[in-house]
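Q: I'd like to ask some things about the structure below.
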């Protein structure tokens, strides 16, 4: 459909602030829900041709499927590790399970290679037939409880299962050439995997099904179907994910533009039919149930959740009182939400988009991009100054002589080659600092550009240190959602806001921050089981069923 500009897009200066990004929720355009619809539409059938496990669940298994005319296999390998080896940290060297998403169906020799090498993760090397590499640890408390309940035919601790939401949590899901696995170019044009992170999401969904099978094998009988639906895959995510949003500005723009365009379309609906109103009423109630089941240990995060619950009750009351009967009902709700918390505003966005797949699902085709912008040397210095004034006032106005504005620095650790965030007052950044100081780079460019009376080419010949900043300024002209509009080296920067934004696009739920630097989440909770892909449109705000 054509994008009718009845209602404008939300301005990027609001959308791309860390405080709002850190309140993001998944939508039906997120990658996991999108993948479920792809699998459903392609009538994908998951098979398990190999299950070579001992009584304690140690061994390997293979799951296979055909999607878009291509065959894929997940090889899962389980090993015995000591309790003290079980860690969410990237420095861990042993895991309960390791996984490879394989391009094709592995023969005996390839299976043997993967069974040998997958548990070693980065200590091993992989091939271009290996599309994704992952590892996971059991939630020992939950896994042991479920096994004992299955073996002894006793009641499950539903509160434990509900509050955790998974049997295993991944600590890494690697794609795109890591440790020798396939580059994205190998699958970028394939049906089903062409969208961003589709191979990784397929891996996570298959891992989730494997965890259900593993606990059933060790416990001697399967979990009830309704309980399996409510059990996803946990994930522990830290700083390694954050720089991606800075180093891929065009992708960041594409994701946000798709979501904001979806919101614009549904806000432009003048009148809702009866079926759509009934669906939205049901979704509002489901969201309330989801919020009641979401609790975290962090007191600040829990306070935000409790406030959101209260605000959501207000929305439910509005919906019951006939708010959806008003002209342009969704636009009215969005306008009214401005006096509420950012968490409520962003959950309302997700809620507003969810019932309108027929209006918005085509936007997922716009969320992948391979743009690699070059500097436009034909731009005049005056035009560059104008772009800085129009798009970058938030950065140009910062005073980097103030210690709090440059208190942090990003770098890559030598041991694990993973991003880290240092304190400039306690550590020497030196030549090891990563160039995530975008605001400071822009400020320096603006300062040096003030008195320039030459061509842009001449300016960059004399000041080549500004090439990266010039490229970013030019990028933002045509991609307004490409930049996080906050200072990423300020003392007040909370990287967890960046993590939540990206994880919401993945389809993550139950955000459980452990600090400003890392969080636990749940993926694929409420997703269809292998044999019920017809439920692909029933993932939003998953609720753990009591029976």
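Q: Output yes when any residue across the stretch 405-428 is modelled with pLDDT of 95 or more and in a helix (DSSP H, G or I), and no when none is.
A: Checked the stretch 405-428: at least one residue is modelled with pLDDT of 95 or more and in a helix (DSSP H, G or I).
Q: Still on this structure: Which ones in the stretch 383-405 are within 14 Å of residue 447 (Cα to Cα) and exposed (fewer than 15 other Cβ atoms within 10 Å of the Cβ)?
A: 386, 389, 393, 397, 399, 401
Q: A further question follows. Name, by its number, the condition in (1) at pLDDT 95 or above; (2) surrounded by fewer than 15 Cβ atoms within 10 Å (Cβ to Cβ) that does not hold for residue 32.
A: Exception for residue 32: condition (2).
Q: Restricting the search to the stretch 166-213, which residues are farther than 25 Å from residue 58 by Cα, part of a helix (DSSP H, G or I) and at pLDDT 95 or above?
A: Those that are farther than 25 Å from residue 58 by Cα, part of a helix (DSSP H, G or I) and at pLDDT 95 or above: 186, 198, 199.
Q: Report yes if residue 279 is at pLDDT 95 or above, under 19 Å from the mean Cα position of the chain (by Cα) and closer than 29 Å to residue 365 by Cα, otherwise no.
A: On the way: at pLDDT 95 or above: yes; under 19 Å from the mean Cα position of the chain (by Cα): no; closer than 29 Å to residue 365 by Cα: yes.
So residue 279 does not fit the description; no.
Q: I would also like to ask the following. Residue 256 passes all but one of (1) surrounded by fewer than 22 Cβ atoms within 10 Å (Cβ to Cβ); (2) modelled with pLDDT of 95 or more; (3) part of a helix (DSSP H, G or I); which number fails?
A: Every listed condition holds for residue 256 apart from (1).
Q: What residue, of 169, 184, is touching a strand residue (DSSP E or B) at 6+ places or on another chain (Cβ under 7 Å) and either in contact (Cβ under 8 Å) with a residue 24 or more places away in the chain or surrounded by fewer than 24 Cβ atoms within 10 Å (Cβ to Cβ) (or both)? Outline the logic, then answer.
A: On the way: 184 fails: touching a strand residue (DSSP E or B) at 6+ places or on another chain (Cβ under 7 Å).
Within the list 169, 184, the selection yields 169.
Q: For the stretch 504-519, what are the residues that are under 9 Å from the mean Cα position of the chain (by Cα) and at negative phi?
A: We begin by selecting, within the stretch 504-519, every residue under 9 Å from the mean Cα position of the chain (by Cα); these are 504-508.
504, 505, 506, 508, listed by residue number.
Q: Here's something else I'd like to know. Given the residues 154, 146, 142, which is the only one that is surrounded by fewer than 19 Cβ atoms within 10 Å (Cβ to Cβ) and either over 23 Å from the mean Cα position of the chain (by Cα) or touching a residue at least 60 places away in the same chain (Cβ under 8 Å) (or both)?
A: 154
Q: Sticking with this one: Sort out which residues of the stretch 108-141 are more than 21 Å from residue 203 (Cβ to Cβ) and in contact with a helix residue (DSSP H, G or I) (Cβ under 8 Å, 6 or more places away or on another chain), and write them in order of number. Before the answer, list the steps.
A: Step one: of the stretch 108-141, the residues more than 21 Å from residue 203 (Cβ to Cβ) are 108-109, 140-141.
Those that are more than 21 Å from residue 203 (Cβ to Cβ) and in contact with a helix residue (DSSP H, G or I) (Cβ under 8 Å, 6 or more places away or on another chain): 140, 141.
Q: Check residue 99 against each of (1) more than 21 Å from the chain's Cα centre (by Cα); (2) more than 30 Å from residue 253 (Cβ to Cβ) and name the one condition it does not meet.
A: The one condition residue 99 does not meet is (1).
Q: Turning to a different aspect of this structure: Output the number of residues of the stretch 508-527 satisfying the condition of being under 16 Å from residue 286 (Cβ atoms) and in contact with a helix residue (DSSP H, G or I) (Cβ under 7 Å, 6 or more places away or on another chain).
A: Counting residues in the stretch 508-527 that are under 16 Å from residue 286 (Cβ atoms) and in contact with a helix residue (DSSP H, G or I) (Cβ under 7 Å, 6 or more places away or on another chain) gives 2.
Q: While we're on this one: Among the residues that make up the stretch 97-108, is at least one of them more than 26 Å from residue 215 (Cα to Cα), assigned to a loop (DSSP other than H, G, I, E, B), at pLDDT 95 or above and not assigned by the TED database to the domain that holds residue 147? Can you show your working first?
A: Let us first name the residues in the stretch 97-108 that are more than 26 Å from residue 215 (Cα to Cα), namely 103-104, 107.
Subset that is assigned to a loop (DSSP other than H, G, I, E, B): 104, 107.
Still in the running and at pLDDT 95 or above: 104, 107.
This time we only want the ones that are not assigned by the TED database to the domain that holds residue 147, so: none.
Taking every residue of the stretch 97-108 in turn, none turns out to be more than 26 Å from residue 215 (Cα to Cα), assigned to a loop (DSSP other than H, G, I, E, B), at pLDDT 95 or above and not assigned by the TED database to the domain that holds residue 147.
Q: I'm trying to understand the selection: among the residues of the stretch 271-290, which are out of contact with any helix residue (DSSP H, G or I) (no Cβ under 9 Å at 6 or more places or on another chain) and exposed (fewer than 15 other Cβ atoms within 10 Å of the Cβ)?
A: Correct list: 273, 274, 275, 278, 282, 289.
Q: Please pick out the residue among 446, 452, 439 that is within 20 Å of residue 383 (Cα to Cα), outside any helix (DSSP H, G or I) and in contact with a helix residue (DSSP H, G or I) (Cβ under 7 Å, 6 or more places away or on another chain). Quick ask: steps written out before the conclusion?
A: Working: 446 fails: outside any helix (DSSP H, G or I); 439 fails: outside any helix (DSSP H, G or I).
That would be 452, the only listed residue that is within 20 Å of residue 383 (Cα to Cα), outside any helix (DSSP H, G or I) and in contact with a helix residue (DSSP H, G or I) (Cβ under 7 Å, 6 or more places away or on another chain).
Q: Here is a list of conditions, (1) touching a strand residue (DSSP E or B) at 6+ places or on another chain (Cβ under 8 Å); (2) within 23 Å of residue 214 (Cα to Cα); (3) crowded, with 21+ Cβ neighbours inside 10 Å, and residue 49 meets all of them except one; can you say which number that is?
A: Residue 49 satisfies all of (1) touching a strand residue (DSSP E or B) at 6+ places or on another chain (Cβ under 8 Å); (2) within 23 Å of residue 214 (Cα to Cα); (3) crowded, with 21+ Cβ neighbours inside 10 Å except (3).
Q: With the condition kept exactly as written, say whether any residue in the stretch 232-250 is closer than 23 Å to residue 536 by Cα, crowded, with 22+ Cβ neighbours inside 10 Å, touching a helix residue (DSSP H, G or I) at 6+ places or on another chain (Cβ under 7 Å) and modelled with pLDDT of 95 or more.
A: Yes - at least one qualifying residue is present in the stretch 232-250.
Here's the yes/no breakdown for (1) part of a loop (DSSP other than H, G, I, E, B); (2) touching a strand residue (DSSP E or B) at 6+ places or on another chain (Cβ under 8 Å); (3) under 29 Å from residue 512 (Cβ atoms); (4) modelled with pLDDT of 95 or more:
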{"residue": "271", "(1), (2), (3), (4)": "yes, no, no, yes"}
{"residue": "287", "(1), (2), (3), (4)": "no, no, yes, yes"}
{"residue": "314", "(1), (2), (3), (4)": "no, no, yes, yes"}
{"residue": "330", "(1), (2), (3), (4)": "no, no, no, yes"}
{"residue": "345", "(1), (2), (3), (4)": "no, no, yes, yes"}
{"residue": "361", "(1), (2), (3), (4)": "no, no, no, yes"}
{"residue": "375", "(1), (2), (3), (4)": "yes, no, no, no"}
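Q: Hey, among 125, 116, which residue is in the same structural domain as residue 177 (by the TED database), assigned to a helix (DSSP H, G or I) and surrounded by fewer than 15 Cβ atoms within 10 Å (Cβ to Cβ)?
A: Sole residue among the options that is in the same structural domain as residue 177 (by the TED database), assigned to a helix (DSSP H, G or I) and surrounded by fewer than 15 Cβ atoms within 10 Å (Cβ to Cβ): 116.
Q: For the stretch 318-335, give me the residue count where each residue is surrounded by 15 or more Cβ atoms within 10 Å (Cβ to Cβ) and in contact (Cβ under 8 Å) with a residue 12 or more places away in the chain.
A: Residues meeting the conditions: 9.
Q: Working only within the stretch 69-95, note down all residues that are out of contact with any helix residue (DSSP H, G or I) (no Cβ under 8 Å at 6 or more places or on another chain) and at pLDDT 95 or above. Please lay out each step first, then the result.
A: Of the residues in the stretch 69-95, the ones out of contact with any helix residue (DSSP H, G or I) (no Cβ under 8 Å at 6 or more places or on another chain) are 69-71, 73, 80-82, 84-85, 87-89, 91.
If the condition is that a residue be out of contact with any helix residue (DSSP H, G or I) (no Cβ under 8 Å at 6 or more places or on another chain) and at pLDDT 95 or above, then 69, 70, 71, 73, 80 are the ones that fit.
Q: May I pose another question? Which numbered condition trips up residue 362, out of (1) in contact (Cβ under 8 Å) with a residue 60 or more places away in the chain; (2) under 19 Å from the mean Cα position of the chain (by Cα)?
A: Result: residue 362 passes all but (2).
Q: Determine whether residue 430 is crowded, with 17+ Cβ neighbours inside 10 Å and closer than 30 Å to residue 179 by Cβ.
A: Criteria not met by residue 430.
Q: Applying the selection to the stretch 515-536, what residues are in a loop (DSSP other than H, G, I, E, B) and either surrounded by 24 or more Cβ atoms within 10 Å (Cβ to Cβ) or modelled with pLDDT of 95 or more (or both)?
A: 524, 525, 526, 527, 528, 529, 530, 531, 532, 536
The values are calculated or read from the model by the stated rules, or taken from the named source; none is laboratory data. Just so we're clear, the structure is a prediction, and the values are computed from it rather than from any experiment. Counting neighbours? That spans all protein chains shown, and the Cβs are built from the backbone with ideal geometry, glycine included.
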